[in-house]
Each structure stands twice: as C-alpha cells, then as structure tokens.
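Structure first, commentary second.
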Amino acid sequence: MKSIRRLSSLALICASASLLAGTVASLTAPAGAQGTAVASASPIDAPQIVAMRRLTEAQYRNAIADIFGPDIKVAGRFEPVVRPVHELIASGSREAAISPLGLEQFDSMARNIAAQVFDEKHSGQFIPCHPQDNAKADDACATATLAPLGRYLFRRPLTTQELVLYVKMAGLAAGPTGSFNGGLELALSAMLVSPNFLYIVETAQPDPAHPGVLALDNYSRAARLSFTLWNSTPNAVLLDAAAAGRLTDPAQLAEIARGMVASPRFEQGVRAFFTDMLLFERFDNLSKDPVLFPYYNAQVGQAMPEQMLRTIVDELVTRGGDYRQLFTTNRTWMTRALGGLYQVPVHKSAGWEPYTFAPGDDRAGILGQAGFLAIYSQTGRSSPTLRGRAVRELLMCQPVPNPPGNVNFTAVQDTKNKAVPTARIRLSAHVTDDNCAGCHKLTDPVGLSLERFDGIGSWRTTENGAPIDPSGNLDKTVFSGAAGLGKVLAESPDTHQCAASRALEYARAMPSDDDGDLVEALDKQFAADGYSIKALFLRVATLPENYQVKIPALQTGATRVSMANQ
Amino acid sequence: MRFDLSRRTALRGMINGAGVAVALPLLDVFLDGNGVAMAATGAPVPVRFGTWFWGLGVNPSRWFPTTAGPNYDLKPELAPIKPFQSKINVLGNFNVMLDGAPNLPHVSGGPAIRTGRALTADRGLPGESFDVTISDLIGKRTRFSSLEVSAIGDARNSLSGRGGGDLNSSETTPAGLYQRVFGTGFKDPNSASFTPDPQVMARRSVLSAVADQRQALNQAVGAADRQKLDQYYTSVRQLENQLDVELTKPQPLEACLVPRKVSADLPVNGEIETVMLNHQLMTDLLVMALACDQTRVFNMMFNNGASSLTRIGSTVTHHQLTHEEVLDNKLGYQPEATYFLTKIMEAWVYFVGALDKVKEGDRTLLDNTIAFAHSETEFAKFHTIDNIPMMTAGSGGGRIKTGIYVDGQGTPVSRVGLTLQQAMGVPVDRWGSKSMETNKRLGEILA
C-alpha cells in the first residue's frame, strides 16, 4: 500500500509542479482572481455552507503527503473524531468540534509542517520564483507561492481577501525573521490551522431544477469525490474540473469518477471505507493479556488490521471480485509475526506474502481472520456475544439493542467453574433468562460458530478441556464454523444491502436511515454490477442525490443552561 | 523560524487592520477571578476545580456511610480515605432521573451527573458539562483552560465538553502530559530571568489571522455548523490566551517545583498496575500544573465507564467480573471485582494526598481546590444509576464545608452540579433539565 501511495503522490507533485509553473506566468493577473466565483455571488443564490466535516487523521496525513510530498513528516497526535453509535466516523466528522487540546495539536503540527516545507531542502519545490532579497518580504513572489498552495489546502482558490491577508502576513513576518522563507512559513502555518483546511467546508446553492433542494457547488463536489474515492484532498485535475464547472455536469462528473475508481489511488479509498465500517479504531486500544496469549505482541497487533485490509483490497480491488467473497475467500496475506498465530509457514522474513488456506480450512473470509476475531473479544478470552453483535451491526446493518439497565447477570456462571467449561454452556444462561434472551438470541448463535478461534484468533478445538461445538444459526439458517457463517452471510441480502447503505453514508457523511428507497435502488444496481465495490462506489459517486442537500429545517443552538455563557 | 529579538517590535501591531495584538498583556493574567492578587503578594491564591472519575461504582453496603452529617462512619471500602476524612465529603442517595430515556449501561450515569441532563441517544454529551462552565469562568487566565487526563489511555475517554461532537479529549500518557504542560512554552514562575519567546509572538499573529476569517465563514454558515465554528474559535481564543500567558513574566509561586521529565516508553493499557503507575505519574504532573498555575481546572479519568481494567493472567475484565462473578455468599460481595475497587480507592487517596502535600501559604493546594469524584453506576452488577457514589475533596479556599456525609434522600443528582458551580462562583440559580432541573443547593456543605 505504501509504495502505491508514494507513486501516486509523486505523480501529484509532478502535476503540481506544472501548475506552479503556470501560476508564475499568470502572476500579473489580479491576486485571487480565481476566487471571484465565490466572492461575487449575489445574495439570493449565495452559496451557503451546508456541512463542515472535520478531516480525520488519515485524511489530514494523505492531504499533506499529496500536497507537499511524502517526505514531509506529520508528527503529532490527533484529536479523534468520535463515532456516533451505529454510524460511521464519517458521519461523526460532521459533528466534530475542535477542542482546545485538539487545536493545540493542530497548531503544533502546522508549524512543524510549514518549517519543513520552507526549509532549504524543500522550499525550491514550492517557491516558483526568486525573491528580490532572500532576507526581505517580496509580495509578488509570496503571492505566487501561496496562491497555489492555498488552493490545494482549502480545496478551492483563495478569495482575494484571504490571499491578501496571507501575503501580508508573510511580508510582515519576513522582517523579524530576517527571511523571506520565514515569512512564508508563518503564512502557511496560518493556513494549516484555518477552519477552511481542518474542515471540509461544503457549500451549496439553490437548485432551480429541484425547488427545496440545494445542490453542492463544483469545488464541494471535487472534495466529495476525492475524499470518498481516494480519502485525500482533490488534486489539480479535480480542482481544474471544478474551476471549469465540469462537476455540475452529470456526464462529465461520471467520466471523472470513472477515472478515479480505475486509479491505483482507489485502493486508499477502499481501505479508508473498510477501516471506518469495521470499527478499526478498536485496534488503537487493543490489548491482550500476555500471559494468556503468548503469540500476541505489538507486531502481531499491527499486522492484524493490515492483513484484513490486504485481503479486502486483493479481493475487491485487485481482482475486482464480488463483495460477498469477503466472507468466503480462502486467500489472504501473511507476515512472519502472523505465521506463529496462524501456525502456518511464512517464507519471507520481512514483509507480506500471499497465503491460501487449504480447502476445508475454517479460516474462511475476513470473519476467520485474527484481526476481526481479536477486536471482537475480551482482553483475556473470546466473546461470542461481541462477535455476533459485530456481524449483525457492522456487516448486516442490524442494530442490536443494549442490555437493559436493570439486567440481572446472576444467571451467568463463573468462568472458573469446571461444570461450565465452554462459552456455549455459559451463555446458555442468557438465553434461558427472558430478560436477556431477546438480544442474546440474535448475537450468541452467530458468534458461537467462531468459538474455535480464541481471544486473539488462534485455532483451538477445546476450551477448558471440553470440545468446542462450532454450530451456529443466523435467524433460521443453521450452519457450522466460520466457513459456514461466511457462506450464510454471503447469501444474505442484508449483507450486500448493508454495504450499499454504508457506502452512501460514507460519501454523504450522514446515515442513510431515511433513504430506504435510495438504498434499495443502489443495492439493486450493486447486484446488477456483480457486487463489484468499484461499481458501487462509482454509482454512489455519480448519484444525483449524493450532491443534493435538503434545505435544513431551522435548528436551534445548544441550550445553554449556565448563565456564565450567556 | 528564527526571530531577531531586537526587532520584535515590528511584530507588534503586525497586520494592524487585522487586529493583531502581540503587545504583552497586562499582569492581570495573574489575578484571580475577583481581581485579588496572588500568593507572592501575600493575598489569597486562586481556587481550583476538578473532577476525578472512576467506572463501575462500589458495593453500596460496604461503601456508603450509615449516618448523615459530620464524622461519618467509614465502611470497609471507604476506609482508605481515613487520613483525609475531615477534608472529604461523601454524597449519597442522589438520583439520576431519565424521564423515560433508556438507561444506557455505563453510559447514562456519568453524563447525567456532569450535565444535569438525561442522555437520549448515545452520541456525545447531552449538554455542556459543568466543569467546562466552571473553566469558562476561572480558566481563562491560565495557559490551559483545563487539562483532561485518562490514566487508562484512550483519548475518547472523557466526560468533559460542550455537548454532542464537542468533547475535550484526554491526554493518554504521562509523557504527553509532561510535554504539553512543562515542555516548550512553559515558563518557570520562579526563574529569575524571563525572555519572551519571539516564536510565540509569531504564533500569536498566526492565530489572529485565523480569527479574522471568522466573519467570512459566519456569513454563510447554518446553525449547526455555526455552533461548531463557535467552538473552534473558543479553542482559538484559548490558544491565543495560552500564548499571551507565555509572553508575560509570571509571578513567583513558592509551591511550584518543575517536575522532572517523564519517560516516553511507559506502556499504556488496561492492566491495573500499569494504570496505577500512570495515574500516579499523571497526578504528580497535574498537581504541579496546578501549583505552577498552568491551569485551574482538571478532569482525571482513572478508568472508563465499562471498565476495561484487567489483571495479568485473568481472562476477564473488571467490567465482566462485575456482571459475571458470583456473589460470594460468605463475604456478601464479589471478591475479584472488588479487588479493582480497592485499587481505585487507593488511587483516589493518592490523588487527594498529592494535592494535600503541596503547601500554599498556611493552607495546602487541596484546601484551595474542590476535587469532585464520581462514578457512573451505583452497583455495576445491576447497572443501577440511583445513589451513584460521589465525593468532594478540599474546601475550595473555604467555599464549602468538608468532612460531611450528605444524604440526598432521593433528590436529583443535578443538585450536586448546581452546588459545585455556585461554590466556584458560577452565577447560576437553576440547573439541569426536566426532572433534573433544580434550584435546591446542598445547604449542608455550602459555606
């Protein structure tokens, strides 16, 4: 994955170099002329901001790498975007504020990035002109440098006002720093902590064809395409297309989207989508008891999500496979560290190699992979309930209710009791208690089929000396083991409809709960396209509804209960 | 970025039209909310407020005192606080009213205590937590409006914020906390020399440029996003303020002893001994952050609501134990789950003791603080959220009486939040919503 990102980033830098050259030539044009489209709109059809989505850590990192090159290091911690329950982090990004700590972190990263960009080693790539005096301000050269960078960072041309501000800032700081570059550094820092960079600001205008509906403007469409399909900031091609008004034309937008899903960078988008859909933030805080799980260590912990993503990318992107194969495939990827956990030979001492499980092996699909099994376990043992719940909620979009507040757990027996050696026997107590049965009947019979994998996903056939029965059922379908579960999932219509619904949520950064018809239609097309993930994302990216915003009802601000804030 | 100090005046008023002010702020940074000068001049020191959270409650019959009032009896699980009993209030028998909202296990209780509101959906806090309200009042003059810390890791482990997507994420490592407070930008108040860092002035002007864009964005933004923008600009102001403080020569503070650097290699996980150590290190740093007046508000999360504390070699977490471990018939409680509670109380006593060790004039730092400790359930086994255990430590410079067990007699838990806000000077006379709206303060402890 790394190497592909690197290549595409380099390609983008090449693109931006030519763009920089172009800007030098047009320096005589009034500064920020590109921004007038936004600035000069009349009040009636004035664009309004319809969403502000906070950049996730991955989006921030990808944007910096794409704009400035992969050797500009992004060092620091990111305030996480909190996931609303049963939703994607993408949806949470719409609500995410930036706390004082979050801003401190962004500020520190901004200064660090700006210092690298304008250091001796790199500044040549970004300053397309020679200042009259390296120790002094030079507004023309600062304009030529900052305008194109600002366009990438804000995903639209800077407005005249903005450009003037940043250039002035660079000029004023050049004096005290005794350096033209020092001034640019300060101005770039300011751009990098601006809400226009940290938030993907989506603007829309009334759509004459659809009263009551706003249509996203060209630059917002460019960002939506880019972040949905590549999980990064729009490149020069997209920004040019937006400038030319091509993205409000369905045919031209479709042509561009087709190119984007065919690009190697689509892999990065698919990885980001599944990282969000499968709750990979759980890997951030994954800890396993070292005494109980000697095969678990930091290397294994890092390899687990990567193994799942490699499997997903290989099946769905590289091979262009059917989404449902994710639950049945016997192909995966291994590292030495994982070899121990899986008890399979790994030839390479470093890096990844493909591996195919023997026919009949229960390691079928991503549900049989250590990563899934480990994050849906407790620190010291497996959890059929967590696993069953994850299958229902994440892969089938069937929310499972929380346990009741007044639940009585005395029915559940002590794990050390020899009379109840296996999870199946322990959990049977839940199912015989009326209060618990309703939900546990949904989760446990699904998860119990995965019981031959322990808390880190290692194979076992017994628990506390008693043989494990891997039979399970999902609603009325009876099956056995991970392979059986995978097959049932692959056959369930809920599985692919869930993927369609999540893809739509992911693009629009809001749950698709109120768009049942749209999801059904998308799911039908998904089927017609052979459940190809590329086709699904292309459909989403070209869906008119993806670019329409219902005019929101009047919302009131947070009710302040404290007088201190009034 | 290197700045020539002799020319730093050039920065002053830089981008003048843009309202940049890099001029050194007045010394009123070092006055407290009432404009009373600080310790160095012999006057009262500032009052601090903070919270200390632990997950999974207590065994009620082994923890809560029997009789209300002063000199309360100490049951076995509360016994560790004995050395500080005269400075600690215990608050019991206050109820969380949900008004029909579901009791989301391990989730509903904490936000109700902190916001006076019932959580209706599991998507962030249902309103502003009152520690934020207090920090808006007393936290504006220090480098940090508040410091959030989670000893068990996980930046999302926090109950502090303005509601919804606005959550003050937590520092998760001792090294991170050290770096933030005592790393670059820290000015030792007791250092003889003071040189304003020109880089800080430059950063200050960056933020002013950011603040300048506010109007342009505000013109086009809808209500929901405006709220987010407001929060963003509140953070900008806080950071500007932080830089202003760094540009001002601090007043000497005798209690301030700059701590030593903390190793960056310490593990962060749920293993109880790791959490105990990290809590201890972070407590020590937090205490010095208060003594050195870097912040006046703090939020410490010892563990999380559905506690993921573990012991090496055990297959189950603290949370699982509270539900799955059988009640020992002879003991009358769950011994393994209770082991974690013992450690939690040990940690709380360490925290209180660390505050009390620092002398500020003839008082201690604890005396000048109100530290509010609470859990999110009463008895975790059954997810009960009435009678959630709570305590306060310290009198906030004499603003509350201490050493008392307050029996809430089933009244709303929001009375506690109301009382503590009033004690800290927040002008509020009713607080909470629906059945938890209240104007009844705790007369027993308000001085």
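A few comments on the model shown:
- Solvent exposure of chain A amounts to 39 Å² per residue of accessible area, where only protein heavy atoms count and the probe is 1.4 Å.
- Estimated D of the stretch B:322-421 in µm² per second, where Rh is the Kirkwood radius over Cα pairs and Stokes-Einstein applies at 10 °C, 1.306 mPa s: 101 µm²/s
- Solvent-accessible surface of the stretch B:335-447, taken per residue with a 1.4 Å probe and all protein chains present: 31 Å².
- At 0.890 mPa s and 25 °C, Stokes diffusion of the stretch B:106-185 via Kirkwood alpha-carbon radius, µm² per second: 183 µm²/s
- Overall form of the stretch B:167-269 per C-alpha gyration tensor (a/c, 1.5; a/b vs b/c): oblate
- In chain A, the portion of solvent-accessible area held by carbon and sulfur atoms comes to 55 percent [1.4 Å probe, whole percent, DNA, RNA and ligands not counted].
- Summed residue charge, Cβ within 12 Å of residue B:228's Cβ, Lys/Arg positive, Asp/Glu negative: +1
- Accessible area that becomes buried as B packs against A, both chains, 1.4 Å probe, Å², nearest 100: 7100 Å²
- Sum of side-chain charges, residue B:408 neighbourhood, beta-carbon under 15 Å (Lys, Arg +1; Asp, Glu -1): -1
- The contact residues of the stretch B:289-325, meaning those that lose at least 30 Å² of 1.4 Å-probe accessible area when all protein chains sit together rather than their chain alone, are B:312, B:313, B:315, B:320, B:323, B:324.
- Ordering of A:250-263, A:377-390 by packing [mean C-beta count within 10 Å, highest first]: A:377-390, A:250-263
- Value of [θ]222 nm, deg cm²/dmol, for chain A, DSSP H segments ≥ 4, -39500 (n - 2.57) each, nearest 500: -15000 deg cm²/dmol
- Highest to lowest packing among A:129-138, B:316-325, scored as the average C-beta count within 10 Å: B:316-325, A:129-138
- Anchor residue A:168: lysines whose Cα lies under 19 Å away (excluding residues fewer than 8 positions away in-chain): A:136
- Peptide A:82-88 has a mean shielding of 4, counted as Cβ atoms of other protein chains within 10 Å of each residue's Cβ.
- The protection proxy used here, the mean number of other Cβ atoms lying within 10 Å of each residue, ranks peptides A:189-197, A:334-342 as follows, highest first: A:189-197, A:334-342.
- From its DSSP helices (H runs of at least four residues, each -39,500 (n - 2.57)), chain B gives a residue-normalised ellipticity at 222 nm of -9500 deg cm²/dmol.
- Test item: A:284-293 mean partner chain Cβ contacts at 10 Å: 5
- Extents of chain A, taken as max minus min of Cα coordinates on every principal axis and listed largest first, are 84, 57, 55 Å.
- Shown for the stretch A:114-188 is the translational diffusion coefficient from the Stokes-Einstein equation, using the Kirkwood radius over Cα pairs, a temperature of 10 °C and a viscosity of 1.306 mPa s: 134 µm²/s.
- Under the combined filter of DSSP loop state and at most 16 neighbouring Cβ atoms within 10 Å, the stretch B:178-226 retains these chymotrypsin sites (Phe, Trp or Tyr not before Pro): B:194.
- Here the accessible area of the stretch B:317-447 is 49 percent carbon and sulfur, with a 1.4 angstrom probe and all protein chains present.
- By definition, a body whose alpha carbon gyration tensor gives a ≥ b ≥ c is prolate when a/c is 1.5 or more and a/b is larger than b/c, and chain B fits this prolate description.
- Pairs from A:288/A:476; B:87/B:228; B:87/B:440 whose Cα-Cα separation, in the structure shown, is over 29 Å: A:288/A:476; B:87/B:228
- Taking 0.36 nm per residue of sequence separation and removing the Cα-Cα distance, the residue B:263/residue B:120 pair yields an extension gain of 47.3 nm.
- Taking amide hydrogens as placed 1.01 Å from N in the peptide plane, the amide H of residue B:166 sits under 5 Å from those of A:97, each at least 5 positions away in sequence or on another chain.
- Taking a ≥ b ≥ c as the square roots of the eigenvalues of the Cα gyration tensor, an a/c ratio of 1.5 or more together with a/b no larger than b/c marks the protein assembly as shown as oblate.
- The stretch B:270-340 - Kirkwood radius from inverse mean 1/r over Cα pairs (Å): 14.1 Å
- Helix axis angle, A:481-491 relative to chain A longest principal axis, alpha carbon, degrees: 60 degrees
- Degrees, to the nearest 10: A:434-447 long Cα axis against longest axis of chain A: 80 degrees
- In this label model, residue A:353 and residue B:215 are separated by 6.6 nm, measuring between points 7 Å along each Cα→Cβ vector.
- Exercise: per-residue mean of other protein chain Cβ atoms within 10 Å, A:372-384: 3
- Surface share of carbon and sulfur [accessible, 1.4 angstrom probe, percent] for the stretch B:97-237: 48 percent
- For residue A:121, the aspartates and glutamates whose Cα falls under 16 Å of its own Cα, not counting residues fewer than eight places away in the same chain, are A:71, A:185.
The values are calculated or read from the model by the stated rules, or taken from the named source; none is laboratory data. Everything quoted here is computed from the prediction, not taken from an experiment. Note that each Cβ is placed from the backbone with ideal geometry, even for glycine, and that neighbours are counted across all protein chains shown. Surface areas here come from the heavy atoms of the whole protein model, side chains and all, with no ligands, DNA or RNA. Shrake-Rupley method; radii C 1.70, N 1.55, O 1.52, S 1.80 Å.
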